[in-house]
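First up is the structure itself, then whatever we jot down about it.
The values are calculated or read from the model by the stated rules, or taken from the named source; none is laboratory data. As the structure is a computational prediction, the values presented were derived from the model and not from experiment. Cβ atoms come from the backbone with ideal geometry, glycine included; neighbour counts cover every protein chain shown.
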Amino acid sequence: MEIQSNFIKTIMEEDIKNKKVDGIITRFPPEPNAYLHIGHARAIVTNFELARQFDGYTNLRFDDTNPVKEDSSFVDAIKEDIKWLGYTPNNILFGSDYFEQTYELAVRLIQKGVAYVCDLSQEQVSSYRGTLTEPGKESPYRNRSVEENLLLFKQMRDGKFKDGEKTLRAKIDMSSPNINLRDPVIYRIIHITHHNTGDKWCIYPMYDFAHPLQDSIEGVTHSLCSLEYVDHRVLYDWFVEQCEMPHIPHQYEFGRLNITNTIMSKRYLKQLVEKGVVKGYDDPRMPTLAGLRRRGYTSDSIKSFILSTGLSRINSTVSSEMLENSLRNDLVGKTKRVYAILDPIKLIITNYPDQTEAIDLEYNPENLELGSRILPFGKEVYIERTDFIEEKPNKHWKRLSLGIEVRLMHAYFIKCNEVIYNEDGSIKELLATYDVLTKSGSGFNERKPNGNIHFVEAKTALPATFNLFEPLMVDSDSDRDMMERLNPNSWKTVQGFIEPSVGNTFKGERFQFVREGYFATDYDSKEGNLIFNRIVELKSSYN
RNA sequence: UGGGCUAUGGCCAAGUGGUUAAGGCAUCGGACUUUGACUCCGAGAUCGUUAGUUCAACUCUAACUAGCCCAGCCA
C-alpha cells in the first residue's frame with residue numbers, strides 16, 4: 001500500500017527535485033518511558049514508509065535525555081513493537097550516545113557568548129519568564145563572563161552542585177512573544193543513574209537542545225514531529241545554526257491521531273494498569289500496540305489503517321470503525337471460516353438417524369488454498385440462541401422460529417416444531433425435523449429456506465471460551481473523570497462450542513467465525529482449554 | 001488581552017488559480033448471496049464567514065469567527 005499524497009510527502013518530493021537533499025533520512029524518536037500505542041503508529045508508519053518510498057532510511061533513536069522518567073524495559077518493548085509492525089531501523093541509537101558531543105556543543109555556545117550558567121531557582125526562572133502577555137525579565141546571571149560560565153559549567157558536569165542549583169541557559173530573548181525563546185534551559189543537573197550511561201553524567205541536555213543536534217549528527221533530513229512542537233521549530237533552527245552544525249535538518253509537524261472511544265494518554269493508560277482495571281499493557285482492550293497485537297490485530301491492518309487515515313496538520317479523531325474495517329479487509333481472504341456457537345441452544349433433529357455425517361467443506365470459498373476440513377453433522381446440534389425466536393417477529397426475520405424452515409449451512413433444511421423450556425421459562429432445547437431431500441449440494445431448489453444459520457454438531461463439538469470486547473470507555477463527551485466512565489462490559493467471557501477442526505489451533509491464529517466475527521486464539525489457549533478473543537465483529541446491516 | 005497553528009460532506013482526507021471538488025470510513029437505497037458477511041451498483045459538499053485581487057479562487061490577500069498549542073530544570 002502506497003502512502004497517499006500528503007504535505008510532507010510533497011515537501012520531500014520537492015526537496016529531492018530541487019536537490020535540497022540527496023535522499024530522505026528520517027527518525028522515529030520515542031522516549032523510553034511508556035508503551036507505544038496506536039497513536040504512535042502514525043509517527044512510526046509515516047517515518048518508515050516515507051523514507052522507504054524515497055529509497056531512504058529511518059533510524060530508531062531513543063530520546064533518553066531525562067533519566068528520571070526513562071527505563072530500559074521500555075526500550076525492549078518499543079523495539080518489539082516496531083519489529084512487529086514490520087520495520088527494521090537502519091540504526092538503533094540513543095540520545096545518550098551523543099552526551100559527549102552535546103556537552104561540547106554547549107561549551108561552544110558558552111564560548112560564543114550565547115549560553116550562560118544561571119543560578120536562579122526553578123521558581124525564580126518561572127517568575128522571570130513573564131507570562132503569555134507580558135515579557136520576561138533577564139536573569140541577573142545572564143551576563144557572566146565566558147570564563148566564569150565555562151568554569152561553572154565544567155563544575156556542573158563534575159558534580160559540584162546539587163540538583164536544581166544551576167542550569168545552563170541559551171541567551172536568546174526574554175521578551176520574545178514565543179516563550180520558548182525566553183532563555184530556555186538547555187542543561188539541568190540530575191544526580192540519578194541513567195539506564196544507559198549509568199552515573200557518568202549528572203547533567204542532562206533538554207529536548208530542545210539535544211534533539212536538533214542528534215538529528216543533525218545523524219544526517220536526518222526531515223525531522224517529523226507533532227503539532228505542539230511548531231513553536232519550538234525556531235529554537236530547533238537556532239541551535240543548529242548556533243552550534244554551526246554542518247548538516248542542517250528541518251522539522252515538520254503533523255497532527256496527532258486520535259480514535260473515537262479510545263483514550264491514549266500515558267497517564268490514563270498507566271492508571272488502568274496500576275489500578276488493575278486491565279490486566280497489563282498488553283490487555284486486549286488496550287490501545288497499545290502490545291494490546292492490539294494480543295487482541296489479534298495484524299500489523300498489516302494497523303499499517304493500512306494509518307495509511308488510509310492520511311496525514312495533515314490537524315489533530316484528527318478518526319472513527320474506530322475505520323480501524324475495524326482495516327482488520328476485516330486484511331483478514332477476509334486470509335482466514336479460515338469456521339463455525340462456532342457463542343451462546344448455545346441445543347437443537348434435536350427428531351427424524352434424523354442416530355449417526356454422524358461428514359460434510360466436506362472448504363475453509364474459505366474465496367481462497368481455496370486454505371484447504372478444507374470435515375464438518376460433522378448429526379442428530380443433535382448447537383445453534384446460536386439469538387438465531388431463534390418462538391414467533392417470527394416480522395418479514396425481515398431470516399432465522400429460525402416455530403414452524404419456520406431454515407437451512408443449517410451446508411447441511412439440511414430444518415423446521416422447528418417444538419420448544420422445550422426450563423423451569424424458569426428459559427429455552428432448554430428445540431425439537432426440529434429435517435428434510436433429507438434438501439441436502440446441500442444435492443441441487444434441491446423446490447423451496448427457499450427462510451434463512452441460513454450455522455451450527456456445531458453436539459457430540460464432536462469442542463467446548464471453548466470466547467472473550468468478547470467492547471470499548472473501555474463508555475460515554476465519550478463528558479468531562480467526568482475517566483475512571484468513572486469505564487465500560488463495565490468491556491470484557492465479557494462466554495462459554496460455547498466450536499467445530500472440531502479448530503482443536504489444534506496455534507496461539508495467535510486468526511479465524512472468521514462465520515456470522516460471529518474475526519477471532520484470534522489467545523496466548524493462554526491450549527488443547528482442551530480453547531480460548532478465543534474476538535478481534536472485531538462482522539459488519540451487519542441487521543438492526 | 002501576547003505568539004503560533006488549523007478550518008473541504010457525519011469522521012478522516014486529496015486538491016498548490018481554469019477538473020463534473022479524488023478516495024476511504026460511516027449512512028441511506030438497490031443487486032447478488034448456503035455468512036443479514038464479502039462483492040457490485042447508486043445516492044450526498046461549492047470548500048468556516050465576509051470582503052477583496054483576478055477573465056477565472058477550495059486554491060492568493062485581508063478581516064472576522066471557531067478550535068487547538070505555548071508561561072516544565074518533561075518530551
Open item on the list: Kindly evaluate residue A:44 against the criterion of being within 22 Å of residue A:312 (Cα to Cα), assigned to a helix (DSSP H, G or I) and either more than 14 Å from RNA strand B (Cβ to nearest atom) or within 17 Å of the chain's Cα centre (by Cα) (or both).
Closed with: yes
TODO: From (1) out of contact with any helix residue (DSSP H, G or I) (no Cβ under 7 Å at 6 or more places or on another chain); (2) of a type in the set (D, E, K, R); (3) closer than 25 Å to residue A:503 by Cβ; (4) surrounded by fewer than 17 Cβ atoms within 10 Å (Cβ to Cβ), pick out the condition that doesn't hold for residue A:362.
DONE: (1)
- [ ] Can you tell me which residue within the range A:238-284, out of those that are of a type in the set (Lys, Arg) and farther than 24 Å from residue A:42 by Cα, is modelled with the highest pLDDT?
- [x] A:279
- [ ] Look at the range A:312-364 and say how many of its residues are of a type in the set (A, V, I, L, M, F, W, C) and part of a loop (DSSP other than H, G, I, E, B).
- [x] 3
Task: Pairs with Cβ under 7 Å, 6+ apart, first in the range A:72-90 and without any contact (Cβ under 8 Å) to a residue 60 or more places away in the chain, second assigned to a helix (DSSP H, G or I) - done: A:82/A:44; A:87/A:44; A:87/A:48
TODO: Starting from residues that are within 16 Å of RNA strand B (Cβ to nearest atom), outside any strand (DSSP E or B) and under 23 Å from the mean Cα position of the chain (by Cα), keep the ones in the range A:504-543 and report whichever is farthest from residue A:464 (Cα to Cα).
DONE: A:539
- [ ] Could you grab me the full set of residues in the range A:308-323 that are crowded, with 19+ Cβ neighbours inside 10 Å and more than 6 Å from RNA strand B (Cβ to nearest atom)?
- [x] A:323
Task: Boolean, residue A:302 is closer than 30 Å to residue A:382 by Cα and crowded, with 22+ Cβ neighbours inside 10 Å - done: no
Task: Matching entry among A:440, A:501, A:426 (being within 14 Å of RNA strand B (Cβ to nearest atom), small (Gly, Ala, Ser) and in the same structural domain as residue A:345 (by TED's automatic domain parsing)) - done: A:440
Task: Given (1) over 21 Å from residue A:186 (Cβ atoms); (2) away from RNA strand B (no atom under 16 Å from the Cβ), number of the condition residue A:39 does not satisfy - done: (2)
Open item on the list: Suppose we filter the range A:415-445 for residues that are touching a helix residue (DSSP H, G or I) at 6+ places or on another chain (Cβ under 9 Å), closer than 27 Å to residue A:542 by Cα and modelled with pLDDT under 95; how many remain?
Closed with: 0
Open item on the list: Among the numbered criteria (1) over 24 Å from residue A:208 (Cβ atoms); (2) away from RNA strand B (no atom under 14 Å from the Cβ), which one does residue A:91 miss?
Closed with: (1)
